[in-house]
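Visitor: Next up is a structure, given as structure tokens.
The values are calculated or read from the model by the stated rules, or taken from the named source; none is laboratory data. Predicted, not measured: the structure shown is a model, and the values here were computed from it. Heads up, the Cβs are rebuilt from the backbone with ideal geometry, glycines too, and the neighbour counts pull from every protein chain shown. When the accessible area is computed, the model is the full protein with side chains, heavy atoms only, and any ligands, DNA or RNA have been set aside. Shrake-Rupley method; radii C 1.70, N 1.55, O 1.52, S 1.80 Å.
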Amino acid sequence: ATLGLVGWGGGQMIIPGMTHQYMALNQLAATGVSLFSLSLSSISSSVRFATSDSACLVTAASIAIPSIVTARFGTQLASRLSNDALEFAFNSLSLVMIPTHLYIQQRRHAQQLAQPPPPTSTG
């Protein structure tokens, strides 16, 4: 249940909540808090998946290494932008990413329905 409260979907609720007048964090600080909390849960989950042979470490590394390298550049860029520019970027990406995610989910579901059922053994 808590997985839905982190990541991109959770960011749609958590980050705006932290930038609300009651918490009064700026966009950069709210993003930092969200990413840090996500990082801690990711490390815990990653260890569990890796130790149960449920993760392809080569694929994970091919995603993680470029992300680690480019995250520093993104953080530097974000620290140079105004709070209004960061909010605009966050909201603009949301307008693109949410419908894209829904489209990908629907397409995958249609592909699964189109696949023939696996053979059953009668024996």
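Visitor: Which members of the stretch 75-96 meet the condition of being in contact (Cβ under 8 Å) with a residue 40 or more places away in the chain, of a type in the set (Gly, Ala, Ser) and closer than 15 Å to residue 15 by Cβ?
Guide: Listed by number, the residues that qualify are 78, 94.
Visitor: Another question, then. Only one residue in 81, 38, 28, 57 is out of contact with any strand residue (DSSP E or B) (no Cβ under 7 Å at 6 or more places or on another chain) and open to solvent by 80 Å² or more (accessible area, probe 1.4 Å). Which one?
Guide: 57
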